[in-house]
Amino acid sequence: MVQFKSLIYTPICTAALAAAAAPSIKLESFRDVLNLTSGFDPVKAAYWTGLPHHRRTPFAVSPDGKTGYIAYLDASGTDVHVQHIEPSSMTPKGPDVTIPGLKEAGGLVAHDHGFALLGNEAIPSSVANAPPDNTPVPAIYRYKNGKQVWKTFVAGPGVHESDGLAMSPDMNGDLVWSEEAQLYGAYFVITSYTGASKGHFGDSIEYVDDSGELQTITGATSAWGCSHNTGIAFEAADEPPFASICAEDQGAIWLNTKTQGMGNNGIKVSNENTTNGASGEPMGGMSGSYSSLARFDNSSSYIFAWVSRGSIDLTENDWMGEGYTHTLNRTNGRRVAIAMFSDKETKVSPQASSEVGAADGDSQVNWVTPTEDPDRSNAHVATFDDHYALVSWEEIESPACEFIAMGCGGTFTGTYFQLVDKDGQKVGEPVKSMDTYVAGDMVTLNDGRICWPYVNMAWSLDKGDVYSGVEGQKTASSMSFACMSLE
Ligand SMILES: *[C@@H]1O[C@H](CO)[C@@H](O)[C@H](O)[C@H]1NC(C)=O
Ligand SMILES: *[C@@H]1O[C@H](CO)[C@@H](O)[C@H](O)[C@H]1NC(C)=O
Ligand SMILES: *[C@@H]1O[C@H](CO)[C@@H](O)[C@H](O)[C@H]1NC(C)=O
Ligand SMILES: *[C@@H]1O[C@H](CO)[C@@H](O)[C@H](O)[C@H]1NC(C)=O
């Protein structure tokens, strides 16, 4: 660790008391190592509740391991900045890039000499068929050596016009790249502004090739998928369709790689109580939808992590019909769950039940946190290698869950990190930290560490806590990183 001696380097001791053979995890933090070129508001108010979420700062590291990229929305709410860093120390490297006019930093892919970002920008009303009220439209921006080489809109004027045009007030999506397929995939939340679904919220999956050409791929591209998608999980595959999961407003979370939508021929991963379009922010809600689905190294297997209140009393969903159900939640606080997939469209263990009248709708769930009293949120997952994965979440020991099917408020009582294996078994006890948060993508580096960005600040999950609990109250001027290593 000699190379870090000039940094504010804070090792956090963990209980590494496990038997010699069993691996353990070790957390290290790099606090305030990157000064930001512009201010950043680290708090995003959640849909419906206004409860504080971390505002996502997308993070990615190039395949050669030489450059890290961190993207963040300017504190003014317009412009996304992408700073280049040295991944061994997380310190500035340059060039610093500003993409003007963007309203959201929604996903980042690193290449050896540049990056691709999923952003969201308003289209001038002078453009034919532009969305109303300057509502932003998602686009992919490709930069090489600090210069933009292309920009491709993945919704808006001219994109799947016959299915209706789409915009994204809150894109809440993710961007991935497949080296094998030489394709970018973007999965994001949309609102239609023309056509049959005008005024409705849904989601879209779009593919763009390396030269910036939007592709229409049968069985992969999707103009409209899950209704009121409030959570996306997306990961690359060797060929399209890429691995995708949605949380919809009818009562389920679907592995929808094959269907791209919420068809009952998809894999029902979970039954969730839904109200007002939400299902308990399973993939982080507003500013979430990253590092929820991860692929094991050299393997076709994936792991998915989410939070759930469980499911009891499955009742008929007469609007959707067979294969769909409504459910009540089993618990007040949310628990962390994981699901394993042997390939991008196959769940290892049984699907969630669709049996109307069943008392238990969650018997298939592999719970990571057994007890029900606390509330867990902001669950994420990344894989270390071909066998081990890291699951993280935040906890409120005594939550106030006043909103049905939304997040809970209360005093933050820690970020937890649990090592799990490819069979979905927990390995050792979770590591707890009171001052490290996951606020951007969890990235596996070439040296085997999993690293992610966060803002070094007092964190609150209570509404209205000045500075840490209110959007627009704090401007961060530096970024911190944390890494977990497998010992
Ligand atoms: C960040 O900026 C502050 C104040 O401008 C300065 O004191 C500090 O050394 C800088 N930190 C790094 C890591 O460059
Ligand atoms: C969700 O649970 C609430 C009670 O907590 C219930 O009132 C509501 O009907 C449930 N939603 C569905 C779609 O069953
Ligand atoms: C995956 O395969 C590559 C290429 O064969 C190899 O370098 C790498 O070590 C493998 N990863 C693991 C975790 O075995
Ligand atoms: C169901 O969840 C809501 C919050 O969504 C909570 O208020 C209620 O107490 C929960 N029901 C049970 C049985 O725990």
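Taken together, the values in this text are just the output of simple stated rules run on the coordinates, not laboratory data. Keep in mind the model is a prediction, meaning the values are calculated, not measured. Quick reminder, even Gly has a Cβ in these numbers, built from the backbone with ideal geometry, and neighbours come from all protein chains shown.
Going Cα to Cα from Lys463, which lysines come in below 20 Å? Please leave out same-chain ones fewer than 8 positions away.
Correct list for Lys463: Lys44, Lys474.
Please compute the contact order of the chain in relative form: average sequence separation of alpha-carbon pairs under 8 Å and at least six residues apart, divided by the residue count, as a percent.
15
In sequence order, what are the phi-derived ³J(HN,Hα) couplings for segment 313-320 according to the Karplus relation 6.51 cos²θ - 1.76 cosθ + 1.60 with θ = phi - 60°, rounded to whole Hz, with x for glycine and proline?
6, 6, 10, 5, 9, 6, 5, 9
What is the set of long-range amide H partners of Thr91 at a cut-off below 5 Å, with H atoms built 1.01 Å from backbone N?
Placed amide hydrogens put Glu86 under 5 Å from Thr91.
Rounding to the nearest 20 debye, state how big the charge dipole of the chain is about its Cα centre with +1 on each Lys and Arg Cβ and -1 on each Asp and Glu Cβ.
I would put it at about 900 debye.
Tell me which GluC sites (Glu not before Pro) from segment 150-216 have a DSSP coil assignment and no more than 12 other beta carbons within 10 Å of their own.
Here the GluC sites (Glu not before Pro) that fit, given the DSSP loop and packing criteria, are Glu179, Glu180, Glu213.
List the residues, sorted by chain then number, that are 5 or more residues from Asp441 or on another chain and whose placed amide H is less than 5 Å from its amide H.
Thr57, Phe59
Using the charge dipole of the chain (Lys, Arg: +1 at Cβ; Asp, Glu: -1 at Cβ; taken about the Cα centre), state which of Ala379, Thr37, Ser126 has its Cα farthest towards the positive end.
Ranked along the dipole, the leading option is Thr37.
Can you tell me the Rg and the Dmax, both Å, for the Cα atoms in the chain?
Taking only Cα atoms of the chain, I get Rg and Dmax of 20.8, 67 Å.
Less than 19 Å apart at the alpha-carbon level, and either on another chain or at least 8 residues along: which lysines does that give for Lys432?
Within the straight-line cut-off, Lys432 pairs with Lys26.
Would you mind checking which residues have amide H under 5 Å from Ser311's amide H? H placed 1.01 Å from N; only 5 or more apart, or other chain.
Arg330, Gly361, Asp362
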